[in-house]
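Structure, as structure tokens:
Read-outs throughout are calculated quantities, based only on the coordinates presented, and are distinct from any laboratory measurement. In this text the structure is predicted, and so the values were computed from the model without any measurement. Cβ sites come from the backbone with ideal geometry, for glycine too, and all protein chains shown count toward neighbours.
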């Protein structure tokens, strides 16, 4: 810099301004803090506190009792079963429509219907299944009187593990269809043709190209469906009352009436739910980013 | 051969969708012994508890929608215009309600805003209603924010804003008269989805002890046989209605855009 | 014995006949371009050679063997697609290795062949990259290496350059030609870009509405177009409407000027209308109408394009344009000026249909 510049008139310094534009995001930030972040933090912190407020791992350790572990285990089993079956059936339906050479007009109505069905959860869904597969449900009666198949004699009960799984599938399958259809659309015709012309059989194309490309979407959706059924409370309560001890029902009862006899054990129970759905969703987001990069 | 497999998969899938709907409809019509009748519907619709809770939930849904629009539209607009660096964080935050189960969030509310806390919202009926509305707004946040943000992406908000400012418009005018009409379709889509979520929501309303439609349905389901099926049919129709309206609105927007 | 032959090949999609009775023999090692506008059937022929479409009639044979009942994966053909079509889940080396891998080649052989191919396209250093990490030009070179790795008997290129930038398009087409000549592989190249076809082909097939209008070397196709379509699609062309004066002496009239053609027009009668064609670069300005043949007209406009000056001239009815090289010592013609264009009589083509 030359010394002359000091003789030149000083440029008028811009008056210092508070970064006011940050204020525009303030209402949102306050809302999210008060009604999403802080309540969640309260639970997380509470899981590591004694009733007096000092740090402890006792609540977490308290989760490892037979009844609570079995509640988690049933929840996880139902979530895995409904996510896996939802993925497989949903994938088959989406693949049938996208790749199976079915008439084009089926696609629009199917996606619309999936949009509705994936939102049709909660209490009414439970009623629908009770009316269909319950003791006097449409299908139960039909199978018994017309085909001589007694579901109950076969060990099926709508208020059980399989009953809940079958019910959850009603929103899991459409959700899978909604998410996997774009991924199937993303499979370019040229990939199949390039593989064929390079000498690959149809099976080799699926094993080496199509399946690996779809795998992140598939696994990602599996994780999402898992979290989706793990957090479902209303359907479970409306269907089974409190007869099936899964984590959301247990937590519901705990919040209502401290059935565990230790308020901070409730925090730990909820914390466990956050951890499990958090892991599942992280897997989903990570895998989705990966497949989006490929299909760009 | 290949087609046969495809038709098979589709048929199994469709049966899965249709049988429960058939089951609940069939059941809802069988209240009178031996004949199909609409008795179950008449009983439900005539139940004052039904009317009360249904009206309560509709009011809650409307309040949630108004609050959600007022919160989300200015924020999404402002973030796109002035704070684009914040977008990934906001997006992450708006996805959190999908990760944290509703039961956990409401558990946090009960502990945080009880009568002995600094903000005793659960201490009064009005306070609890407001808390429930905030809870619903949280549940609807992922859908509302994404819908509006996608809507904003398709218009050039920077140019629109500068044009409005050069004509002397203030922020309120810009938001109400320029931005909102341009993202109206996105806002409506978010609103209908919010409506569908709020109207049948069970967990939050039950744990905050508010007389909403969701808990009423659950209560009825525990005590009655045919009426719950009628309720299920009605809420399915309601969900269809809301999502049908979304389709209709977005089709209308496509029509407008292609005409422009 | 030609290597790749197409005999009476036709293809219909429903009522639409996209390829009509197509016949062609391609020699081993030849570089053939299919040139034509979109929808002319060129890509359909390529896809029939590959086996993605089944001909509605006729036969395709490679090296004397009919391809009729062979699926694409049994034909040993290499193909490069317009949109690269690299497998996104594999890196460059894995993409190139794919053909050998599905054929069950031993690992050491695959590794050696991949190395060789990457050397050929000069991308050895990117072997571990994934397609999304590369530019379009790089991806298309990898696609070429992938197609060549299994040593195919024929290489098919389906508009491989049209998704790329202009600059890369030129360098890559030269690279493709060099590799093709080095390997001596029989190649069919589909394009709608006449410059591409002219610059790298041994022979060009000009396709129009499902049939070949002309098959010939770039030189033949450009200089002696067989049909009006070929003449207008390949290069730019002035079409001049004239009248036959005397068929026996090849005399025609353009406006009130008469001249003698080199081509025989014995099939015409005196007074018949006749279409003539002339490339813009064939003439030169002359002071007077001496020499071979000349046309005089008024300059409508003259555009200075740098190395070339493009002048439009009114012949009293039809307007033609001609190019001449820039000469710093000479001013370009001005509008309104009357000039004479001199050219060889053989440069004036007769358009028959």
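Figures for the structure shown
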quantity: Distance between segment B:22-40 and segment B:180-221 - C-alpha centres, whole angstrom; calculated: 27
quantity: On Cα atoms only, tilt of C:92-102 relative to the major axis of chain C in degrees; calculated: 70
quantity: Ranked by how many other beta carbons lie within 10 Å on average, peptides B:176-183, C:41-48, B:32-39, A:249-256 from highest; calculated: C:41-48, A:249-256, B:176-183, B:32-39
quantity: Listed residues A:27, A:263, A:124, most fluctuating in chain A (Gaussian network, C-alpha, under 10 Å); calculated: A:27
quantity: Shielding by other protein chains, C:140-153, mean Cβ within 10 Å; calculated: 1
quantity: Inter-label distance for residue C:163 and residue A:215, nm, one decimal - labels placed 7 Å from Cα along Cα-to-Cβ; calculated: 2.4
quantity: Crossing angle, helix B:213-223 versus chain B [Cα axis fit, 0-90 degrees, rounded to tens]; calculated: 20
quantity: For chain C, built as a Gaussian network whose Cα springs stay under 10 Å, the top-fluctuating residue of C:97, C:248, C:83; calculated: C:248
quantity: Average partner coverage of B:227-239, which counts Cβ from other chains inside 10 Å; calculated: 5
quantity: Burial order of peptide ranges C:274-281, A:173-180 (average beta-carbon count within 10 Å, highest first); calculated: A:173-180, C:274-281
quantity: Chain C - percent relative contact order, Cα under 8 Å, separation 6 or more; calculated: 15
quantity: Crossing angle, helix B:48-81 versus chain B [Cα axis fit, 0-90 degrees, rounded to tens]; calculated: 20
quantity: Ascending count of other beta-carbon atoms within 10 Å, so fewest first, for C:182, C:20; calculated: C:182, C:20
quantity: Average beta carbon contacts from partner chains per residue of A:24-34, 10 Å cutoff; calculated: 6
quantity: Relative exposure of B:62, B:71, judged by other C-beta atoms within 10 Å (fewest first); calculated: B:62, B:71
quantity: CD proxy at 222 nm, helix term only [per DSSP H run n ≥ 4: -39500 (n - 2.57); per residue of the protein assembly as shown; nearest 500]; calculated: -17000 deg cm²/dmol
quantity: Relative intensity, log₁₀ I(q)/I(0), of segment C:238-351 from a Debye sum that treats every alpha carbon as a point, q = 0.11, 0.15, 0.18, 0.24 Å⁻¹; calculated: -0.35, -0.63, -0.87, -1.41
quantity: Distance between segment C:154-225 and segment C:107-125 - C-alpha centres, whole angstrom; calculated: 26
quantity: Whole-Å distance, taken between Cα centres, linking segment A:37-80 and segment C:234-261; calculated: 97
